[in-house]
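Just below is one structure, and these are the notes that go with it.
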Amino acid sequence: MRWFKRDKQENTKKFTRIFFTTDIHGSEPCFLKFLKAGEFYKADILVLGGDITGKQIVAIEKRNDTYYSNLFGQEWTAHTPQQLVELESHIRSNGFYPTVVTPSEMEELEADPSKVNALFSEVMTDTVKRWINLAEERFRGSPIKCFISPGNDDHFDLDPILSSSDVVINPEGQVVDLDGIHTMVSCGYANMTPWHCPRDIEEDELRVRLQAMLDKVKDPSRCILNFHAPPYDTTLDSAPQLDANLNPVMIGGQESIIPVGSKAVREIIEKYQPLVGLHGHIHECRGAVEIGKTVCMNPGSEYSEGILRGVLVNISDGSLLSYQFVAG
């Protein structure tokens, strides 16, 4: 946690509090905590900065009156409707999508990867629709603004769902007003990763996207960057180096750790010196760094444990008053 020196009159001045989190990867407990974070932290603005969807389906095979599933190498069984609900909840809490199938449907999925892809898209979009409905119920008529944007790992069939809401705002690629004084620009695209995620692009293309947004910002010093990719070569982007087979590179018996963030993101920050940079992508790199006048933050992620990591950012009249990392 770092606190900046405050104006003596701060207690009488209006300031805006942002709660930022990211990389929940389908964890239902984390999303439900996100919905409560505005009230809990007395935040004016909630921002979920990308990688909101899960990574895979977990099949629950129904045989007669018993349900069977395999999670993390362990077989789980449910014999009653209540046990089935509990099993599905346990699967969702780990960021996966539970799907009940018959033995014949299981065989079809195992034999045809295209059916797996189609089913994943269906359950993923159904989950996000349900989440957006929950957010609309909570924030309709509320003074709290809720922004949810995609990340590099999120598929494009997510975008129409996020953009269809009249309560939840999808800020991707836009300059949005936060409080009449400060703006925010958002980009869920990231520089290329070894996994070639849906929104992984080359640095040159990413630079063009970022530049096009910043060209529309009237005053960068009052702007928040919600860029999923962290700036290159900072403590926010350190990750194990991988070989061609996606195995960690070992040097002297230890993993080789290298910067994997975006050079384009760093260049934009250095050029425009926005007020704050909010980033994610690298789950283990919780922290904050300064690039010139800009303070960049990554709250980190422990979604698989159901822990919602975030950062509270207090801003007023183009100044960063304070920030604090939180978890719960």
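From the P(r) of the chain, can you give the percent of Cα pairs sitting at distances over 28 Å? In whole percent, the share of Cα-Cα pairs in the chain beyond 28 Å is 43. Along the axis of the charge dipole computed for the range 46-147 (Cβ charges of +1 for Lys and Arg, -1 for Asp and Glu, origin at the Cα centre), the listed residues Val100, Leu87, Val128 are led at the positive end by Val128.
Under a no-solvent Debye model with one identical scatterer per Cα of the range 157-231, what's log10 I(q)/I(0) at q = 0.24, 0.25 Å⁻¹? With one equal scatterer per Cα and no solvent, log10 I(q)/I(0) is -1.17, -1.21.
Relative to the longest principal axis of the Cα atoms of the chain, the long axis of helix 113-139 makes an angle of roughly 50 degrees. Placing +1 on each Lys and Arg Cβ and -1 on each Asp and Glu Cβ, with no other charges, gives the chain a dipole about its Cα centre of roughly 1780 debye.
Roughly how many percent of the accessible protein surface of the chain is carbon and sulfur, given a 1.4 Å probe and a whole-percent answer? All intermediate terms of the calculation are to be shown ahead of the outcome.
On the way: 7820 of 15670 Å².
The value for the chain is 50 percent carbon and sulfur by accessible area.
In this label model, Val175 and Glu107 are separated by 6.0 nm, measuring between points 7 Å along each Cα→Cβ vector.
Modelled this way, with points 7 Å down the Cα-to-C-beta line, the labels at Lys36 and Ser164 are 2.9 nm from one another.
Among Ser27, Gln211, Leu178, whose Cα lies farthest out toward the positive end of the dipole of the chain, if unit charges sit on the beta carbon of Lys, Arg (+1) and Asp, Glu (-1)? Final value for the positive-end residue is Leu178. Calculated accessible area for the chain comes out at 48 Å² per residue, all protein chains present (probe 1.4 Å; ligands, DNA, RNA ignored).
Give me the angle, in degrees from 0 to 90, between the Cα long axis of helix 203-214 and the longest principal axis of the Cα atoms of the chain, rounded to the nearest 10. Tilt of helix 203-214: around 50 degrees.
Sequence gap at least 6, Cα distance under 8 Å: using those rules, report the relative contact order of the chain to the nearest whole percent.
Numbers: 713 pairs, mean separation 67.6, N = 328.
Once divided by the residue count of the chain, the mean separation gives 21 percent.
Spacing of the modelled spin labels on Ile251 and Glu61, each 7 Å from Cα toward Cβ, amounts to 4.6 nm. For the chain, the longest principal axis of the alpha carbon atoms and the long axis of helix 28-41 meet at an angle near 30°. Shown is the FRET efficiency for Asp204 and Gln273, computed with R0 = 25 Å from the Cβ-Cβ distance and rounded to the nearest 0.05: 0.65.
222 nm [θ] for the chain, helices only, -39500 (n - 2.57) per DSSP H run of 4+, per residue, to 500?
Numbers: 7 runs with 90 residues, N = 328.
Using -39500 (n - 2.57) per qualifying helix, the result is -8500 deg cm²/dmol.
So what's the gap between the Cα centers of the range 248-306 and the range 173-225, to the nearest angstrom? The two parts, judged by their Cα centres, are 15 Å apart.
Taking each of Lys33/Lys293; Lys14/Lys42; Lys36/Lys129; Lys62/Lys115 in turn, the alpha-carbon distance tops 24 angstrom for Lys33/Lys293.
The local environment of Ile45, defined by Cβ-Cβ distances under 11 Å, has a net charge of -1 under the rule Lys, Arg +1 and Asp, Glu -1.
The values are calculated or read from the model by the stated rules, or taken from the named source; none is laboratory data. Nothing here was measured: the structure is a model prediction, and the numbers come from that model. Methodologically, a virtual Cβ is constructed for each residue, glycine included, from the backbone with ideal geometry; neighbour enumeration extends over all protein chains shown. Surface accessibility is based on the protein's heavy atoms, side chains included, excluding ligands, DNA and RNA. Shrake-Rupley method; radii C 1.70, N 1.55, O 1.52, S 1.80 Å.
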